[in-house]
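**Q** First, the structure itself, so that you have it in front of you.
The values are calculated or read from the model by the stated rules, or taken from the named source; none is laboratory data. Just so we're clear, the structure is a prediction, and the values are computed from it rather than from any experiment. Surface accessibility is based on the protein's heavy atoms, side chains included, excluding ligands, DNA and RNA. Shrake-Rupley method; radii C 1.70, N 1.55, O 1.52, S 1.80 Å.
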Amino acid sequence: MKKNSEKKESSKYDAWGFRAFVGAVIVSVIGVLLAGLWLGGSPAQERARRIDAARDKSLQSISNAIDQYYNTNARLPDDLDTLVRARETYWVDSITDPESGEPYEYRIRTDTTYELCATFTTDSTVSDPRLTDPYAPPDNRFWEHGPERTCFTITARMFPK
């Protein structure tokens, strides 16, 4: 009879040990998922960062095309459609916002100065080391913006001849 009761006690502890192990695994998996969300941000935050990065890229491409136009024609283009119509000469990534589909705002201020405006959803001024781009060009012209409509005043660059 003793053997039977020993088996029951042994299997009782084995079942408890197994349940504790499974519980520890579940807690560990949840912890890893939460740590991943904390480090990477939520999917919505990441999507907003990607869309703002696309805005930055488009504005940079528009600015470069305006610089090329200015160097070729000795004046600023009247509108962004001028650049699109001459796409073979002045390459532009996109003149429309990736989220709303509305064209970016472009205004001539002086003979050499213009404004490019866009509405951003994230704050690039947050100094979070996880979000810094180590490959950003040193003369990045589309610097800091808040989660709001932002206009950048830019002076057309003259290229050396």
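**Q** Of the residues that sit in the range 113-161 and are of a type in the set (A, V, I, L, M, F, W, C) and at pLDDT 90 or above, which one is most open to solvent (accessible area, probe 1.4 Å)?
**A** Ranking the qualifying residues of the range 113-161, first place goes to 151.
**Q** Now for a separate question. Quick test for you: out of 110, 72, 89, 82, pick the one residue that is over 14 Å from the mean Cα position of the chain (by Cα), among the β-branched types (Val, Ile, Thr), in a loop (DSSP other than H, G, I, E, B) and modelled with pLDDT of 90 or more.
**A** Within the list 110, 72, 89, 82, the selection yields 110.
**Q** If you don't mind, there's one more thing I want to ask. Looking only at the range 33-72, which residues are of a type in the set (Phe, Trp, Tyr) and open to solvent by 40 Å² or more (accessible area, probe 1.4 Å)?
**A** If the condition is that a residue be of a type in the set (Phe, Trp, Tyr) and open to solvent by 40 Å² or more (accessible area, probe 1.4 Å), then 38 is the only one that fits.
**Q** Now for a separate question. What's the number of the condition residue 77 fails, among (1) assigned to a helix (DSSP H, G or I); (2) of a type outside the set (Lys, Arg); (3) open to solvent by less than 40 Å² (accessible area, probe 1.4 Å)?
**A** Only one criterion in (1) assigned to a helix (DSSP H, G or I); (2) of a type outside the set (Lys, Arg); (3) open to solvent by less than 40 Å² (accessible area, probe 1.4 Å) is unmet by residue 77, namely (1).
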